[in-house]
1. Bin width 10 Å, alpha-carbon pairs only: give the P(r) of segment 162-247 as whole percents, running from 0 to the bin holding the largest distance.
2. Quick one: give the max-minus-min coordinate of the C-alpha atoms of segment 5-120 along each principal axis, largest first, in Å.
3. Counting only residues 5 or more places away or on other chains, whose amide H sits under 5 Å from the amide H of residue 248 once H atoms are built in the peptide plane?
4. Once you place label points 7 Å from the Cα toward the Cβ at residue 286 and residue 323, how far apart are they in nm?
5. Run the quick spin-label model on residue 118 and residue 4: label points 7 Å from Cα toward the beta carbon, then report their separation in nm to one decimal.
6. Compute the FRET efficiency between residue 270 and residue 197 as 1/(1 + (r/R0)^6), taking r as their Cβ-Cβ distance and R0 = 25 Å, and round to the nearest 0.05.
7. Skipping prolines and chain starts, which residues have an amide H placed within reach, meaning under 5 Å, of the one on residue 95, given they are 5 or more residues away or on another chain?
8. I'd like the carbon and sulfur percentage of the solvent accessible area for segment 1-120, probe radius 1.4 Å, heavy atoms only, ligands and nucleic acids excluded.
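The values are calculated or read from the model by the stated rules, or taken from the named source; none is laboratory data. Everything quoted here is computed from the prediction, not taken from an experiment. All Cβ positions, even for glycine, are placed from backbone atoms using ideal geometry, and neighbour counts span all protein chains on display. All accessible areas refer to the heavy atoms of the entire protein, side chains included, with ligands and DNA or RNA removed. Shrake-Rupley method; radii C 1.70, N 1.55, O 1.52, S 1.80 Å.
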Amino acid sequence: MKLDTSHMRYLSKTDYRVLTAIETGSKNHLVVPTPMILTLSGLRNMALLQKSLSILAKINLINREKNAKYDGYKLTYHGYDYLALKAIVNRESILALGTQIGIGKESDIFTVADKDGNNMCLKVHRLGRTSFKAVKKQRDYLGKRQSATWTYFSRLSAQKEWAFMQALYDAGFSVPKPIDQSRHHVVMSLVPGTVLRKCAELDDASRVYALLMDFALELANNGLIHCDLNEFNIMICDYDPANPESEIVVIDFPQCVSIDHPNAQELFERDINSIRHYFKTKYGVVGDYPKWEQVERSGKLDMVADATGTNKKALKELEKYQREAELTKEGENFDEHEFEDEQEEDDYEDEEEEEEDEEESEKEEVKIFDVDAHMAKLSI
Ligand code: ADP
Ligand code: MG
């Protein structure tokens, strides 16, 4: 899904107030009633509000919903993107948006730049895109909390990734440098490397294999299991004898769990085995690997991440969602067409964009847009 920022510079302070009011109202309303938006936005009169609402609806940041009980508005993915980007830009963490460099199953990855032209990476979490059924199921599970939809899970996923990335980075692990986070957006350093999956050859495959095994064991010793440690989430950089660990950079942390998790051993072994299998089949490398019994807790990174604001109950909900999503993807009854219908129902857009070939989009040259034209007017 594209991140279309072309309307950002035309929006007024009032428009952002209204958008924020709808976001606030969404916490306990699936459709936020118009009078409530007026109250939450603090605008003086309905005429001002209506003007803003029609601008926001026209550029698809919100959708008008009429039902039997009342009229109101829902935030769209684009609207949520605008709010997140706006917050990050206001903090001057980024100033310009570049090109899309990756489409994950549940994320979009872009290059971004700060005011000095330093390139960074923006990960936009979009849960509920490929596993929409799981969101629906989760919605049932959440019972009364009807508003717990894609915004809720996407934000939770980003918060969790942010918390873990910070903890890992501070502890010296080879992960991207966390830079900023708002809602479902995470800004991090751009890894100057290639995802392992695309590396036909490696300088020294045994060396990389050993680094990965050390990473997994060290991570577990510090209390964490990645849970998706595979060729898609490992980036390979140039070998630097002065800093040999930097040859690998591990990404993608929303599914990390503590070594105290009930299935910890299984999850740890799954990570290890997935690396072993990949290196054996692709590079013919067979080597030593850490066993669960070798894990000796020496750090509490799982606790650090817990303490950064992502509360336990929310993390449990996210984990349940992720498990459902995984099952739905693997399960026979995953029906993409049904998913498409549901997408429409729930304001998802740019279907064709989403089907864009990942390989193609990753080949695009990194180029940063003109800051002034796109985002300079974002600061209020
Ligand atoms: P997902 O959760 O959707 O799998 P990932 O975090 O794995 O998302 O990112 C998807 C792809 O985007 C990666 O395979 C990689 O090619 C690219 N990518 C992600 N983060 C970075 C980064 N910090 N620097 C460079 N490329 C990145
Ligand atoms: Mg990934």
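1. In order of increasing distance, the bins hold 15, 49, 32, 4 percent.
2. Ordered largest first, segment 5-120 gives principal extents of 48, 33, 23 Å.
3. 237
4. Computed distance between label sites residue 286 and residue 323 equals 3.5 nm.
5. Output for this residue pair reads 3.3 nm.
6. On the way: r = 18 Å, r/R0 = 0.70.
Rounded to the nearest 0.05, the efficiency is 0.90.
7. Here the answer is 113, 114, 115, since their amide H atoms fall under 5 Å of that of residue 95.
8. Numbers: 2720 of 5350 Å².
C and S fraction of accessible area: 51 percent.
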